[in-house]
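These notes concern the structure reproduced below.
The values are calculated or read from the model by the stated rules, or taken from the named source; none is laboratory data. Bear in mind the structure is a predicted one, so any value in this text is a computation, not a measurement. All Cβ positions, glycine included, derive from the backbone under ideal geometry; neighbour counts span all protein chains shown.
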Amino acid sequence: MRDAPPDVLARGSTLPGIVLDRTSRTPLHRQLAEQLRRAIECGRLAPGAVLSSEPRMAEEMGLSRITVRHAIRSLTEQGFLVRRRGIGTHVAHGRPPLTVDLAAVHEDLREAGRAPAAEVLFCRTEPAAPEVAAALAIPEGGQVTVLERLQYADGLCIGRLRNHLPSDLLHPEALSRLDGRLAAVGLYGLMRAAGVLVYTAQHAIGARVATAEECELLDVAEGSALLTLTRIMIDQTGRPVEYGSHSYPPARRGFEFRLSAGKTPLSPG
């Protein structure tokens with residue numbers, strides 16, 4: 001089902017006044033999730049309020065069902081919404097903790113109509129270096145699973161991704177070159193399937209000159225600058241579940257973050 005023309009309003013639903021900008025580079029599922037989140041935070045959608053079903057919401061707003069499903073799933077994982085069999089999706093009671101937009105590159109590319117792909121360079125178990133151990137809150141030298149990939153969009157390499165996971169989180173076979181699940185749903189899709197719900201994250205963005213190995217892997221000139229992203233993902237129990245250290249040619253990959261707070265405003269850092 002194709003998305004409708006720009007500026008479609010929801011009609012006759014629990015979501016009055018939502019307007020989506022189809023000319024924006026921000027995916028529609030993110031726009032919908034953001035506006036729903038704001039409606040919850042300001043009280044327009046009160047705790048316990050039941051949302052329209054996904055098919056009805058998609059029809060009312062002129063969206064594809066998968067777009068609505070992505071938005072609802074994102075807010076459910078962040079704790080804003082609760083799904084109950086036989087009842088439907090309703091606004092959660094109580095406020096979730098500080099959240100960061102955690103949409104995965106794999107899902108962003110699909111939503112934008114691009115073809116995501118990843119080349120697994122290696123997947124192995126190794127002792128945690130001091131930096132990794134500190135990030136994952138495990139003893140130094142403890143075993144971690146290390147996954148290194150090249151991320152592609154429409155055949156163009158857009159970044160080098162290295163992920164460190166606690167060794168008990170995912171079975172290594174699910175991350176291997178021979179298993180199709182990683183290619184189909186991405187790393188965070190596998191984590192969700194394993195019951196891991198990421199609630200918060202710590203990000204650090206920087207820049208540096210590409211190494212000789214990165215120049216070759218990413219097909220950039222010697223001396224090129226790269227954007228770097230270092231990230232620690234934390235699940236609903238407070239456990240660090242992933243430490244990522246990624247590098248991207250800036251012309252091929254950008255970053256967008258949204259921060260929200262509960263009753264206490266964020267203070268300048």
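Output the number of the condition that GLU222 fails; it satisfies all remaining conditions of (1) modelled with pLDDT of 90 or more; (2) surrounded by 11 or more Cβ atoms within 10 Å (Cβ to Cβ); (3) over 19 Å from LEU136 (Cβ atoms).
Tallying (1) modelled with pLDDT of 90 or more; (2) surrounded by 11 or more Cβ atoms within 10 Å (Cβ to Cβ); (3) over 19 Å from LEU136 (Cβ atoms), GLU222 fails exactly one: (2).
Within the range 192-199, identify whether any single residue is surrounded by fewer than 16 Cβ atoms within 10 Å (Cβ to Cβ) and closer than 24 Å to LEU227 by Cα, and answer yes or no.
No, the range 192-199 contains no residue that is surrounded by fewer than 16 Cβ atoms within 10 Å (Cβ to Cβ) and closer than 24 Å to LEU227 by Cα.
Going by the conditions given, is LEU182 of a type outside the set (Lys, Arg) and either within 16 Å of the chain's Cα centre (by Cα) or closer than 26 Å to LEU227 by Cα (or both)?
yes
Residues that are modelled with pLDDT of 85 or more: find the helices (runs of 4 or more DSSP H) completely inside the range 17-117 holding 3 or more of those.
28-42, 54-61, 65-78
Scan the range 54-88 residue by residue and report those that are more than 23 Å from THR237 (Cβ to Cβ), of a type outside the set (Lys, Arg), surrounded by 13 or more Cβ atoms within 10 Å (Cβ to Cβ) and over 16 Å from the mean Cα position of the chain (by Cα).
GLU54, MET57, ALA58, GLU59, GLU60, MET61, GLY62, LEU63, SER64, GLY88 - these are the residues of the range 54-88 that are more than 23 Å from THR237 (Cβ to Cβ), of a type outside the set (Lys, Arg), surrounded by 13 or more Cβ atoms within 10 Å (Cβ to Cβ) and over 16 Å from the mean Cα position of the chain (by Cα).
Of the conditions (1) modelled with pLDDT of 90 or more; (2) out of contact with any strand residue (DSSP E or B) (no Cβ under 7 Å at 6 or more places or on another chain); (3) not basic (Lys, Arg), GLY206 fails just one. Which one is it?
The number of the failed condition is (2).
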